[in-house]
Amino acid sequence: MKPLPEALQDAIGQPYVLTAAEDVAPYLRDWRGRYQGSALCVARPGSTDEVAAVVRLCAAAGVAVVPQGGNTGLCGGATPGGAAGKPAGEVVVSLTRLNRIRAVDAADNTLTAEAGCTLMQVQQAAAAADRLFPLSLAAEGTATIGGNLSTNAGGVQVLRYGNARDLALGLEVVLPDGRVWNGLRALRKDNTGYDLKHLFIGAEGTLGLITAAVLKLYPRPCQTATAWAAVRDPAAAVALLNRLRVEAGDRVTAFEIVGRAALDLVLRHIPQAREPLAERPEWQVLVELTDTLPDTPLDAILERVLVAAVEAGEVLDVALAQSQAQALALWALRENVAEGQKIEGLSIKHDIAVPVSRIAEFIARADAALQAAFPGVRIVCFGHIGDGNLHYNQSRSTALDNDAFIAATPAVNRIVYDLVAALGGSISAEHGLGQLKREEILRYKSSLEMDMMRAVKHALDPAGLMNPGKVI
């Protein structure tokens, strides 16, 4: 019997199975630099049939499969290294060659894309048909649609359009035994039993490999109003959100909060970043309204709400974008927070969700508890306050102090996650569990929930070869 790498080369072509250490290396480390794995090889199939062939060969050899898209994940879900107890090793299956837009149906408002298409590629294909694919996040030039679906990505427009799960109508999936499930249906209504696609969305490749998806499209907005506003505190930010939703309804497309420490990292590390307001407020929000109707007075609506919030003492200062260039500059401040943090160094990251009404309470209580336990800790708080999702991260300002602080991750997690649970929230809002939170989740899901999840895993992947050591 041939060694598995040679069998894979026969199946998909020698150039598409990487074995040399220097070729494999980029696939073995996660974007944050937290996880480093090893693999027998990296397979780069170019079609669904080739993905199925790779999976069948790996299953026959008892070798685990680690699916990978753009490798932009933040929880180690696409990094090999979770196959403890499986001495046969792992094969990374990179899906980036599955990068074709198969169909765009403007009348049906759908687009069918292969899993290796970048999010930006999907957005551009929708725009070419005068439609909008609304999923939007900072890594959209690299992140792939398969990865977005596998982690149920959120991004900045969840408030209006929902998560990746809400934007998918149908999937094509290679199952752990190599069979291909063709669920590429474009129906809004299909009440014929279990909605199987939802098993694979958010499963991080632990149940099968998503190879293509039918995605929802929307009419393209023809006008946008954008503002950066200093708010008194997080409670005032929530009050402003409520004002906007009353006045503008679902025209509120994005509502992001950025704490002082988060913005300071952007200003320190990102070229061309500039302070957007005259003062240096502790809290600010980025607001965007959009509309498909050309005569809706969006700027007037936004200005009216902001003036009322100023009069109520909720908003302290405002910068209204007067051009697309100004709007893009404001968005760059928000979108570069993660990059600024990466340049600064490691931090303890939390991607949490609580009810919007309890955002201010969470921040106040978590800040106080962390400062009491770790005096002087730097708290970088930002995120999608419109849907209750905060990125709530901690570090020290010097490298030496930070190394010791990172070692205290379990204690920091207990403070943050216990409070999240007490407030009825989730310890993972949009990044998934991966390797990072696979043990943490055991504290916060009931034993019954975990039993149900394990039962689904065993039913579809009884040998445990699909992305082992991730999620559960």
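Aspartates and glutamates near Lys2 by alpha-carbon distance under 19 Å, same-chain residues fewer than 8 away left out - which ones?
Output for Lys2: Asp10, Glu50, Glu90.
Give the residues of the stretch 4-48 whose amide nitrogen is closer than 15 Å to a point set 7 Å from the Cα of Arg97 in the direction of its Cβ.
Answer for this model: 5-20, 24, 41-48.
Dipole of the stretch 223-333, Cα-centred, from +1 at each Lys and Arg C-beta and -1 at each Asp and Glu C-beta, to the nearest 20 debye? Kindly include the intermediate steps, with their values, before the conclusion.
Numbers: 9 positive and 16 negative charges, 51 e Å.
Taking the Cα centre of the stretch 223-333 as origin, the dipole is about 240 debye.
Among Ala203, Gly383, Ala138, which residue has its Cα positioned farthest towards the positive end of the charge dipole of the chain, with +1 placed on the Cβ of Lys and Arg, -1 on the Cβ of Asp and Glu, and the dipole taken about the Cα centre?
Ala203
If I take R0 = 51 Å and measure r between the Cβ atoms of Ala422 and Lys2 in this structure, what FRET efficiency does the formula 1/(1 + (r/R0)^6) give, to the nearest 0.05? Walk me through the numbers on the way to the answer.
Numbers: r = 55 Å, r/R0 = 1.09.
After rounding, the FRET efficiency stands at 0.40.
On full extension of the chain, what length is gained from Ala408 through Leu277, given 0.36 nm per residue of separation minus the C-alpha to C-alpha distance?
Numbers: separation 131, 0.36 × 131 = 47.16 nm, distance 3.58 nm.
Once the chain is fully extended between Ala408 and Leu277, it gains 43.6 nm.
Considering only the other residues whose Cβ falls under 15 Å of the Cβ of Leu346, what net charge follows from Lys and Arg at +1 and Asp and Glu at -1? Write down the numbers at each step before the final one.
Values: positive: Arg29, Arg32, Arg34, Lys342, Lys349, Arg378, Arg396; negative: Asp30, Glu339, Glu344, Asp401, Asp403.
Neighbourhood net charge equals +2.
Show me the ranking of peptides 122-131, 317-326, 140-149, 230-239 by mean Cβ neighbours inside 10 Å, starting with the highest.
Details: 122-131: 17.4, 317-326: 14.7, 140-149: 25.2, 230-239: 20.9.
So the order, starting with the most tightly packed, is 140-149, 230-239, 122-131, 317-326.
Would you mind calculating the relative contact order of the chain from Cα pairs under 8 angstrom and at least 6 residues apart, reporting the percent as a whole number? List each step's numbers first, then the result.
Values: 975 pairs, mean separation 75.8, N = 472.
Reported as a whole number, the value is 16 percent.
Note down the net charge around Ala235, summing +1 for each Lys or Arg and -1 for each Asp or Glu among other residues with Cβ under 14 Å from its Cβ. Provide the component values of the computation, followed by the final result.
Numbers: positive: Arg232, Arg243, Arg358, Arg365; negative: Asp233, Glu282, Glu314, Glu361, Asp367.
Once positives and negatives cancel, what remains is -1.
Rank these for me by crowding, Trp181, Trp228, Trp31, going from fewest to most other beta carbons within 10 Å. Spell out each step's value before the answer.
Values: Trp181 15, Trp228 24, Trp31 19.
Ordered by Cβ neighbours within 10 Å, fewest first: Trp181, Trp31, Trp228.
Given the options Ala230, Met453, Thr112, identify the residue whose Cα lies farthest towards the positive end of the charge dipole of the chain (+1 on Cβ of Lys, Arg; -1 on Cβ of Asp, Glu).
So the residue we want is Met453.
How would you order 370-379, 451-460 from highest to lowest mean count of nearby Cβ atoms within 10 Å?
Working: 370-379: 14.6, 451-460: 13.1.
My ranking of the peptides, most packed first, is 370-379, 451-460.
Quick one: grab the alpha carbon gyration tensor of the stretch 223-333, order the square roots of its eigenvalues as a ≥ b ≥ c, and give me rounded if a/c is under 1.5, else prolate or oblate depending on whether a/b is larger than b/c. Please report the intermediate quantities before stating the final value.
Numbers: a/c = 2.07, a/b = 1.29, b/c = 1.61.
Judged from the Cα gyration tensor, the stretch 223-333 comes out oblate (a/c at least 1.5, b/c at or above a/b).
Anything over 22 Å Cα to Cα? Flag those among Lys437/Lys457; Lys216/Lys342; Lys349/Lys457; Lys189/Lys216; Lys197/Lys342, in the order listed. All intermediate terms of the calculation are to be shown ahead of the outcome.
On the way: Lys437/Lys457 17 Å; Lys216/Lys342 33 Å; Lys349/Lys457 27 Å; Lys189/Lys216 13 Å; Lys197/Lys342 34 Å.
Where the Cα-Cα span goes over 22 Å, the pairs concerned are Lys216/Lys342; Lys349/Lys457; Lys197/Lys342.
Net charge within 12 Å of Ala153 by Cβ-Cβ distance, Lys/Arg positive one each and Asp/Glu negative one each, not counting Ala153 itself?
-4
Write down the percent of antiparallel bridges among all DSSP beta bridges whose residues are both part of the chain, to the nearest 5. Present the calculation step by step, with values, prior to reporting the outcome.
Working: 60 of 70 bridges.
In the chain, approximately 85 percent of DSSP beta bridges are antiparallel ones.
Please give the charge dipole size of the chain, origin at the Cα centre, charges +1 on K and R Cβ atoms and -1 on D and E Cβ atoms. Round to the nearest 20 debye. Please report the intermediate quantities before stating the final value.
Values: 44 positive and 51 negative charges, 165 e Å.
That gives a dipole near 800 debye.
Roughly how far apart, in whole Å, are the Cα centres of the stretch 11-58 and the stretch 346-361?
35
Can you give the FRET efficiency for Thr19 and Ala459, using 1/(1 + (r/R0)^6), R0 = 30 Å, r = Cβ-Cβ distance, to the nearest 0.05? Walk me through the numbers before you get to the answer.
Working: r = 34 Å, r/R0 = 1.12.
Calculated value: 0.35.
Compare the peptides 269-280, 247-258 by average per-residue count of other Cβ atoms within 10 angstrom and give them in order, highest first. Write down the numbers at each step before the final one.
Values: 269-280: 12.7, 247-258: 20.7.
Going from most to least packed, we get 247-258, 269-280.
Assuming R0 = 56 Å, can you tell me the calculated FRET efficiency for the pair Asp10 and Val310, based on Cβ-Cβ distance, to the nearest 0.05?
Numbers: r = 69 Å, r/R0 = 1.23.
Calculated value: 0.25.
Assign unit charges at the C-beta atoms only (+1 for Lys and Arg, -1 for Asp and Glu), then state the dipole size of the stretch 53-171 relative to its Cα centre in Debye, rounded to the nearest 20.
Here the size comes out at about 240 debye.
Read the figures in this text as sums done on the coordinates, not as results from a lab. Since the structure is predicted, the reported quantities are computational estimates derived from the model, not experimental observations. We place every Cβ from the backbone using ideal geometry, glycine too, and count neighbours over all the protein chains shown.
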